[in-house]
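Scroll down for the structure; my scribbles are underneath it.
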Amino acid sequence: MRPWMEERLGALLAAGGVIWAVYHGTYETHDLVQGFTAVYLKSGPLELSAIGILVWIHGKYRNSMSMNR
């Protein structure tokens, strides 16, 4: 996979995790504190965002270390 493609994939994964967390926090719970706690304790969206950020950072690293520009 090329570094620029890895950057885009990581950004999409992170955005998808954030969208999923907002959806879960607003749609399924109506109280602000309960919504934040539910999103914080839910294991899907936060891990997806973290994986997306790691993939994005790895793509940026590979792009900066590329010798064939």
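Assorted remarks:
- Computed accessible area, S43, all protein chains, 1.4 angstrom probe, square angstrom: 80 Å²
- For region 18-24, 3J(HN,Hα) per residue [Karplus equation, 6.51 cos²θ - 1.76 cosθ + 1.60, θ = phi - 60°, Hz, x = Gly/Pro]: 5, 4, 5, 5, 5, 4, 5
The values are calculated or read from the model by the stated rules, or taken from the named source; none is laboratory data. A quick note: this is a predicted structure, and the numbers were derived from the prediction, not measured. Each accessible area value is taken on the protein alone, full model and side chains, heavy atoms only, with ligands, DNA and RNA left out. Shrake-Rupley method; radii C 1.70, N 1.55, O 1.52, S 1.80 Å.
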